[in-house]
1. Can you list residue pairs whose Cβ atoms sit under 7 Å apart, with the first residue in the range 52-77 being among the aromatic types (Phe, Trp, Tyr) and the second being in a loop (DSSP other than H, G, I, E, B)? Count only pairs 6 or more apart in sequence or on different chains.
2. Please work out if LYS81 is more than 22 Å from VAL6 (Cα to Cα) and either open to solvent by 40 Å² or more (accessible area, probe 1.4 Å) or out of contact with any Cys (no Cβ under 9 Å at 6 or more places or on another chain) (or both).
3. From the list GLU42, GLU109, exactly one residue is at pLDDT below 95 and farther than 17 Å from SER24 by Cα. Which is it?
4. Tell me which residues, restricted to the range 40-78, are aromatic (Phe, Trp, Tyr), more than 15 Å from GLY99 (Cβ to Cβ) and open to solvent by less than 20 Å² (accessible area, probe 1.4 Å).
5. Among the residues in the range 14-34, are any out of contact with any strand residue (DSSP E or B) (no Cβ under 7 Å at 6 or more places or on another chain), among the small types (Gly, Ala, Ser) and closer than 16 Å to ALA104 by Cα?
6. Suppose we keep only residues that are under 13 Å from the mean Cα position of the chain (by Cα) and open to solvent by 50 Å² or more (accessible area, probe 1.4 Å) within the range 13-37. Which one would you say is farthest from ASP77 (Cα to Cα)?
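The values are calculated or read from the model by the stated rules, or taken from the named source; none is laboratory data. Note that this is a predicted model, so its numbers are computed, not measured. Cβ sites come from the backbone with ideal geometry, for glycine too, and all protein chains shown count toward neighbours. Calculation scope for accessible area: heavy atoms of the full protein, side chains included, ligands and nucleic acids excluded. Shrake-Rupley method; radii C 1.70, N 1.55, O 1.52, S 1.80 Å.
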Amino acid sequence: MAMTDVLSAEDIKKAVGAFSAAESFNYKKFFEMVGLKKKSPEDVKKVFHILDKDQSGFIEEEELKFVLKGFTPDGRDLSDKETKDLLAAGDKDGDGKIGAEEFATLVAES
């Protein structure tokens, strides 16, 4: 499944482009711009599974670094600070990774 099966290619391009500068990533604005906030819980889970590259059931810190590339190959890597900030926002149980429910909560809170 491709990200464009769930989200519009135009929205993805705009959202990723808006955060192309280093240290500019804001997950709340990004999720809203990319259209994820308006999606059903099932669609949010589909996006989670696309971002979970190793299919472990979690998005680990290493996968978060490449979250924009998960939406489009043109996306930049997040900085270490952006990655840690995103992990801190999403990791509600403190296990160092984001599960599907935590991801859904992260999107809903944005």
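1. What qualifies is PHE58/ASP52; PHE66/ASP77; PHE71/VAL34.
2. Yes; evaluated as a whole, the condition is true for this residue.
3. On inspection, the qualifying residue turns out to be GLU109.
4. PHE71
5. No: zero hits.
6. The qualifying residue farthest from ASP77 (Cα to Cα) is LYS37.
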